[in-house]
């Protein structure tokens with residue numbers, strides 16, 4: 001379904017800010033660099049769902065904006081957790097921004113807890129703590145960041161080579177995370193079967209079927 005230039009090598013989850021065109025362009029540049037290196041890539045706004053477009057589709061179909069946002073957020077959460085836990089075996093984390101993107105921080109924490117190789121990219125000089133990044137963030141990457149996009153593949157290769165153990169298996173993670181993975185797996189399968197990438201109408205159909213509250217439910 002996705003144009004990830006499959007090579008049989010590592011599949012990388014790309015996490016970072018996506019709230020304006022410049023941020024999306026930077027994330028795409030990171031993904032393209034990894035693809036050129038021979039990796040497969042999951043880029044959430046391109047290969048998954050972009051909230052603003054699907055949300056608009058759901059509102060056009062008569063859903064109240066708050067209710068549509070609630071079950072669409074549940075779908076996006078499940079899909080991204082599934083990709084991070086099951087489909088991707090390592091992660092690149094874009095730390096650029098006045099403050100790091102909250103969603104990407106959560107995804108990095110999950111990757112680190114799962115034991116997946118993790119690389120942080122940052123060329124932004126803005127920081128909050130005496131010229132240094134928050135230790136609870138950069139501690140997850142051994143206090144080392146990559147400063148140019150071109151150096152990301154090499155940094156990722158080193159992180160993979162230096163991995164001290166295998167990532168946790170599905171059976172070893174928490175029950176709530178297992179449930180999210182199960183929901184995300186169903187969503188991803190439906191998206192692939194429907195060739196839904198980039199088709200907001202089809203994506204809205206799938207999300208409504210799998211995540212919208214049923215008639216009569218509270």
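The numbers here are math on the coordinates, done by the rules we state, and not lab data. Keep in mind the model is a prediction, meaning the values are calculated, not measured.
Structure values in brief
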{"quantity": "Spatial extent of the range 48-174: Rg and Dmax, with the Cα atoms as the point set, Å", "calculated": "17.1, 51"}
{"quantity": "Distance cut-off 25 Å, percentage of C-alpha pairs in the chain lying past it", "calculated": "40 percent"}
{"quantity": "Highest-fluctuation residue, 84, 114, 137 considered, GNM on the chain with Cα pairs under 10 Å", "calculated": "137"}
{"quantity": "Span from the the range 32-78 Cα centroid across to the the range 137-162 one, whole angstrom", "calculated": "27 Å"}
{"quantity": "The chain: antiparallel DSSP beta bridges as a percent of all, rounded to 5", "calculated": "10 percent"}
{"quantity": "GNM top mover of 29, 120, 196 - the chain, alpha-carbon springs below 10 Å", "calculated": "29"}
{"quantity": "Among 159, 65, 190, residue whose mean-square fluctuation peaks in a GNM of the chain (springs only between Cα atoms under 10 Å)", "calculated": "65"}
{"quantity": "Inverse mean reciprocal Cα-Cα distance (Kirkwood Rh) of the range 15-107, Å", "calculated": "14.4 Å"}
{"quantity": "Relative contact order (%) - the chain, alpha-carbon pairs under 8 angstrom, separation at least six", "calculated": "26 percent"}
{"quantity": "Whole-angstrom Cα spans of the range 108-181 along principal axes, big to small", "calculated": "40, 27, 19"}
